[in-house]
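Visitor: Got a structure for you, written out below as structure tokens; questions coming shortly.
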Amino acid sequence: MNYILIGNGVAGTEAALAIRNADDQGDITILTQSAHHFYYRPRLIEYLAGKADLAAFTLYNEDHYREKRIGVRLNTRVTAIDPEQGQVTDAAGNLYPYDRLLVATGADCFVPPIPGADLPGVFTVRGVTDCDRVREHARQAENAVVIGGGLLGLEAAHSLVRLGIKVTVVEVMDRLLPRQLDAEGASLLQKMLERKGMAFRLGTTVEKISGTRSVTGLVLQGGETIPAGMVVISAGIRGRTTLAREAGLQVNKGIVVDDRLQTSVPGIFAAGDPIEHRDRLYGQWPAAREQGMKAGQIMSGKDTVYTGTAPAATLKVTGIDVYSAGEYDSRVGMVEVSREELVYKKYIIRDNKLAGAIVVGDPAVIPTVRKVFQGSLPIREIMKVPHTKGGDMDKWECSACGYVYDPEKGDDVGGVAPGTAFEDLPDDWVCPVCGVGKDQFNKV
């Protein structure tokens, strides 16, 4: 069996590993236009701030692929898919025949039609090369504006603050993280970020970005002008679907897939940011990871289906821990809210299950809430976790998903008894949430 996978992001890489786990004989080749092996994209923000080098969050190096007998062709841009011939073509004219194909082409940043968005000094951040350009320009900028108060926008703003730049965040909605937080949780987060030096303009839009040879500022709806030596646009992403559309695959808002992650053409599957499953787009790293794993299993013959990924996000900005999952703003069910100084917790409970949750400012409770939401712990466990602030130097955080290993609690999923130091965990111990090894953990 010959497997070709287009894209080496989390969806393509996890699919390749899942195929190899199930099929020891098949030929697996990943084609990617990236110059780098698979890295943990959420940590790009640390790279942007100069707090981590690429090697620190490259999850699988060349030796790993060689050991798994997975071929990876970097700097290879696929230009065409030919379903009738069962082959793909790259920009150099090379042909790659396949028995089963995965389209995991990722996404590009969405840039709204704002006058001046093409000026030098206006950036989007999607990969390592983008971060390099931003860091280079930041050396000559005293202030910056980030357009977008969502997850990526706030993380980008945080990185610029760490570079010593004054940052203003502009968000069209009336609160930060509108896809993850309710009004009260967002208000608390804004207060905490303002203490860290960020400024905000909410409920407004950008009329234009000003400048001639380079950006000098922008004008908001209503006429307010904000000076800016650079602008970062973080207004969401758009899945790369052109390759699939030109190949005749059904594309609506995204590449349409069924519950087996198969496209409208038999033998061609898709996963990650470009796909539309049950009329839904995800655009989130955890969803892309699950889709990639499922696609790989299905492509290699496993009888399984993908039914969707429950929305959940973990964010850490300037040491502020935020977790949001499920129907966080629902009014259906029992709502439990806890408010303390710089801490906000909200649980939506329905049929004795956690239907939604928000946690702001309490890192100790997040791993337990995540497990309860995923169904691996009963809901009563939430109430057992004591409130804490800050971190413990003996705790270790997973760089891939944010899970925190607490020696006082151990790991009931992995059978690790409370009181077990991280250093004493077995060499084959893995993160109970995402499955990466001990080498992907960092001391908190």
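Visitor: Would you please name the residue that is most open to solvent (accessible area, probe 1.4 Å), looking only at residues in segment 83-96 that are in contact (Cβ under 8 Å) with a residue 60 or more places away in the chain and not in a strand (DSSP E or B)? If you could, list the steps in order and put the result at the bottom.
Guide: Going residue by residue through segment 83-96, those that are in contact (Cβ under 8 Å) with a residue 60 or more places away in the chain are 83, 86, 88, 96.
From the residues that got through so far, the ones that are not in a strand (DSSP E or B) too are 83, 86.
Numbers: 83: 47, 86: 11 Å².
Per the stated criteria, the residue is 83.
Visitor: Among all residue pairs at least 6 apart or on different chains, which show Cβ distances below 6 Å where the first residue, located in segment 19-36, is more than 17 Å from residue 73 (Cα to Cα) and the second is at pLDDT 95 or above and of a type in the set (Gly, Ala, Ser)?
Guide: 19/296; 19/300; 22/300; 23/300
Visitor: How many residues are open to solvent by 20 Å² or more (accessible area, probe 1.4 Å) and either in contact with a strand residue (DSSP E or B) (Cβ under 6 Å, 6 or more places away or on another chain) or among the aliphatic types (A, V, I, L, M) (or both) if we restrict to segment 169-179?
Guide: Just the residues of segment 169-179 that are open to solvent by 20 Å² or more (accessible area, probe 1.4 Å), to begin with: 172-175, 178-179.
Filter once more, keeping what is either in contact with a strand residue (DSSP E or B) (Cβ under 6 Å, 6 or more places away or on another chain) or among the aliphatic types (A, V, I, L, M) (or both): 172-174.
Final tally of qualifying residues: 3.
Visitor: On to the next question. Which ranges mark the strands (runs of 3 or more DSSP E) fully within segment 226-302 that have 1 or more residues being without any contact (Cβ under 8 Å) to a residue 40 or more places away in the chain? Talk me through it step by step, then tell me what you get.
Guide: Working: elements: 230-233, 237-239, 255-257, 268-270, 275-277.
Hits in segment 226-302: 255-257, 275-277.
Visitor: Name the residues in segment 202-227 that are touching a Leu at 6+ places or on another chain (Cβ under 8 Å) and closer than 16 Å to residue 149 by Cβ, would you?
Guide: Those that are touching a Leu at 6+ places or on another chain (Cβ under 8 Å) and closer than 16 Å to residue 149 by Cβ: 202, 204, 205, 206, 226.
Visitor: Could you tell me whether segment 268-286 includes any residue that is modelled with pLDDT of 95 or more, surrounded by fewer than 20 Cβ atoms within 10 Å (Cβ to Cβ) and over 23 Å from the mean Cα position of the chain (by Cα)?
Guide: no
Visitor: Right, another one. Counting only residues that are open to solvent by 30 Å² or more (accessible area, probe 1.4 Å) and of a type in the set (Val, Ile, Thr), how many does segment 126-148 have? Give the derivation first.
Guide: Taking segment 126-148 as the starting set, the residues that turn out to be open to solvent by 30 Å² or more (accessible area, probe 1.4 Å) are 126, 129, 132-133, 135-136, 139-140, 142-143.
With of a type in the set (Val, Ile, Thr) added as a condition, the list becomes 129.
Count: 1.
Visitor: With respect to residue 99, is the statement that it is acidic (Asp, Glu), surrounded by 13 or more Cβ atoms within 10 Å (Cβ to Cβ) and out of contact with any helix residue (DSSP H, G or I) (no Cβ under 8 Å at 6 or more places or on another chain) true?
Guide: Numbers: acidic (Asp, Glu): yes; surrounded by 13 or more Cβ atoms within 10 Å (Cβ to Cβ): yes; out of contact with any helix residue (DSSP H, G or I) (no Cβ under 8 Å at 6 or more places or on another chain): yes.
Against the criterion (acidic (Asp, Glu), surrounded by 13 or more Cβ atoms within 10 Å (Cβ to Cβ) and out of contact with any helix residue (DSSP H, G or I) (no Cβ under 8 Å at 6 or more places or on another chain)), residue 99 qualifies.
Visitor: From 371, 302, which residue is closer than 22 Å to residue 435 by Cβ and touching a Leu at 6+ places or on another chain (Cβ under 6 Å)? Working first, answer last.
Guide: Values: 302 fails: touching a Leu at 6+ places or on another chain (Cβ under 6 Å).
Checking each option against the conditions leaves just 371.
Visitor: I need the full set of residues from segment 102-115 which are surrounded by 17 or more Cβ atoms within 10 Å (Cβ to Cβ) and within 16 Å of the chain's Cα centre (by Cα), in order please.
Guide: 104, 105, 106, 107, 109
Visitor: Consider only pairs whose beta carbons are under 9 Å apart and that are at least six residues apart or on different chains; among these, list those whose first residue lies in segment 43-64 and is closer than 21 Å to residue 157 by Cα and hydroxyl-bearing (Ser, Thr, Tyr) and whose second residue is open to solvent by less than 50 Å² (accessible area, probe 1.4 Å) and not in a helix (DSSP H, G or I).
Guide: Listed pairs, sorted by first residue: 47/39.
Visitor: Tell me which residues, restricted to segment 351-400, are of a type in the set (A, V, I, L, M, F, W, C), modelled with pLDDT under 85, open to solvent by less than 30 Å² (accessible area, probe 1.4 Å) and closer than 24 Å to residue 192 by Cβ.
Guide: Going residue by residue through segment 351-400, those that are of a type in the set (A, V, I, L, M, F, W, C) are 354-355, 357-360, 364-366, 369, 372-373, 377, 379, 382-383, 385, 393, 396, 398, 400.
When the remaining residues are screened for being modelled with pLDDT under 85, the result is 364, 382-383, 385, 393, 398, 400.
Keeping just the survivors that are open to solvent by less than 30 Å² (accessible area, probe 1.4 Å) gives 364, 382, 385, 398, 400.
Result: 364, 382, 385, 398.
Visitor: Tell me which residues, restricted to segment 149-163, are part of a loop (DSSP other than H, G, I, E, B) and open to solvent by less than 10 Å² (accessible area, probe 1.4 Å). Break it down stepwise before answering.
Guide: The initial filter retains those residues of segment 149-163 that are part of a loop (DSSP other than H, G, I, E, B), namely 149-150, 163.
Of everything in segment 149-163, just one residue is part of a loop (DSSP other than H, G, I, E, B) and open to solvent by less than 10 Å² (accessible area, probe 1.4 Å), namely 149.
Visitor: Next question. Which numbered condition in (1) open to solvent by 10 Å² or more (accessible area, probe 1.4 Å); (2) of a type in the set (A, V, I, L, M); (3) within 30 Å of residue 144 (Cβ to Cβ); (4) modelled with pLDDT of 95 or more is the only one that residue 235 fails?
Guide: (4)
Visitor: Of the residues 135, 126, which single one is assigned to a loop (DSSP other than H, G, I, E, B), of a type outside the set (Gly, Ala, Ser) and touching a residue at least 24 places away in the same chain (Cβ under 8 Å)? Before you say what the answer is, go through the steps one by one.
Guide: Working: 135 fails: assigned to a loop (DSSP other than H, G, I, E, B).
One residue alone meets the criteria, 126.
Visitor: Sticking with this structure for a sec: Exactly one condition in (1) charged (D, E, K, R); (2) open to solvent by less than 60 Å² (accessible area, probe 1.4 Å); (3) more than 17 Å from residue 198 (Cβ to Cβ); (4) in a loop (DSSP other than H, G, I, E, B) is not met by residue 118; state its number.
Guide: (2)
Visitor: Within segment 164-213, which strands (runs of 3 or more DSSP E) (wholly inside it) include 1 or more residues that are among the hydroxyl-bearing types (Ser, Thr, Tyr) and more than 19 Å from residue 121 (Cα to Cα)?
Guide: Working: elements: 166-171, 199-202, 206-211.
Answer list for segment 164-213: none.
Visitor: Select, from 306, 323, the only residue that is of a type in the set (Phe, Trp, Tyr), open to solvent by less than 30 Å² (accessible area, probe 1.4 Å) and under 13 Å from residue 262 (Cβ atoms).
Guide: The match here is 306.
The values are calculated or read from the model by the stated rules, or taken from the named source; none is laboratory data. Every value quoted in this text rests on a predicted model; they were computed, and no experiment measured them. FYI the Cβ positions are ideal-geometry reconstructions off the backbone, even for glycines, and counts take in every protein chain you see. Accessible surface areas use protein heavy atoms only, side chains included; no ligands, DNA or RNA. Shrake-Rupley method; radii C 1.70, N 1.55, O 1.52, S 1.80 Å.
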